[in-house]
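Down below is the structure, laid out as structure tokens.
The values are calculated or read from the model by the stated rules, or taken from the named source; none is laboratory data. All values reported here derive from a predicted model rather than from experimental measurement. Glycine also receives a Cβ, built like all others from the backbone with ideal geometry; neighbour counts cover every protein chain displayed.
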Amino acid sequence: MIYEIRKARDIYHRQTDKHLLDFAEKHGRTLRPEIRPVLLDELEKRAIGQNISTKLEEETLLIREKDIRQLMQFVQNQACSKCGTKNTVIVCSVQRTIGSFVIQWIDEETTALCCLSCRKKEFILASSISLAIGWWSLAGLFKTPAALLQNVLFLVGDKSNQENIARYIIEHYLFYKALSQEKVL
């Protein structure tokens with residue numbers, strides 16, 4: 001996601017005012033939530049398209065990049081949501097669990113902001129459940145190895161932890177915005 005935001009910022013920056021305004025008018029509503037603020041920020045920098053920006057902001061819950069960054073900083077200063085440990089690195093734990101029996105299966109993905117120790121525990125729990133009860137259907141034979149691989153990749157892979165935290169905050173924006181304001185008061 002961070003790469004996509006940077007790419008969008010670069011593309012919008014290189015556009016002429018007229019092209020950018022036309023694009024915002026025609027496609028602004030259909031942009032993904034994390035990309036729309038990039039377009040609006042570029043319009044604001046150039047001091048153009050005030051009516052388009054206002055219209056887009058009124059139609060959607062707009063989350064600006066600076067708000068996401070502030071909330072990410074806020075999250076990093078919180079205690080672990082699982083064990084309550086303070087002054088620890090907070091990471092985004094994404095785990096997929098498969099359970100299956102003959103013709104039915106459950107494919108569940110859980111995401112949480114927690115400390116490294118709790119992320120490892122979540123990984124072990126999700127992977128153990130998938131290993132024990134994920135194989136017992138035809139779909140499970142295919143879904144279980146994919147889920148186990150995904151769990152390993154989220155634990156040690158290249159995917160940016162910051163990107164996962166940003167995505168989690170966007171999905172739970174109203175909660176974290178309210179929580180951050182509550183802590184200020």
Please determine whether any residue of region 148-164 is of a type in the set (Gly, Ala, Ser), touching a residue at least 24 places away in the same chain (Cβ under 8 Å) and crowded, with 16+ Cβ neighbours inside 10 Å. no
From the option list ILE106, ILE48, single residue qualifying as surrounded by 14 or more Cβ atoms within 10 Å (Cβ to Cβ), under 30 Å from LEU141 (Cβ atoms) and at pLDDT 90 or above is ILE106
Boolean, TYR168 is out of contact with any Cys (no Cβ under 9 Å at 6 or more places or on another chain), surrounded by 15 or more Cβ atoms within 10 Å (Cβ to Cβ) and at pLDDT below 90: no
In the set LYS55, LYS82, LYS66, which member is assigned to a loop (DSSP other than H, G, I, E, B), charged (D, E, K, R) and on the phi < 0 side of the Ramachandran plot? LYS82
Given (1) in contact (Cβ under 8 Å) with a residue 12 or more places away in the chain; (2) more than 25 Å from the chain's Cα centre (by Cα), number of the condition VAL38 does not satisfy: (2)
When the residues of region 27-45 are narrowed to those that are modelled with pLDDT of 90 or more and in contact with a Gly (Cβ under 8 Å, 6 or more places away or on another chain), which ends up surrounded by the most Cβ atoms within 10 Å (Cβ to Cβ)? LEU39
Here the residues within region 111-139 that are among the hydroxyl-bearing types (Ser, Thr, Tyr) and modelled with pLDDT of 95 or more are SER127, SER128, SER130
Qualifying position, being within 29 Å of CYS118 (Cβ to Cβ), touching a strand residue (DSSP E or B) at 6+ places or on another chain (Cβ under 7 Å) and among the charged types (D, E, K, R), among LYS86, LYS82: LYS82
With criteria (1) buried (at least 20 other Cβ atoms within 10 Å of the Cβ); (2) in a helix (DSSP H, G or I), ARG96 comes up short on (2)
Could you list all residues from region 122-146 that are surrounded by fewer than 15 Cβ atoms within 10 Å (Cβ to Cβ) and either among the basic types (Lys, Arg) or closer than 30 Å to ASN87 by Cβ (or both)? ILE124, LEU125, SER128
ILE90 assigned by TED's automatic domain parsing to the domain that holds ILE133, closer than 20 Å to LYS177 by Cα and among the aliphatic types (A, V, I, L, M): yes
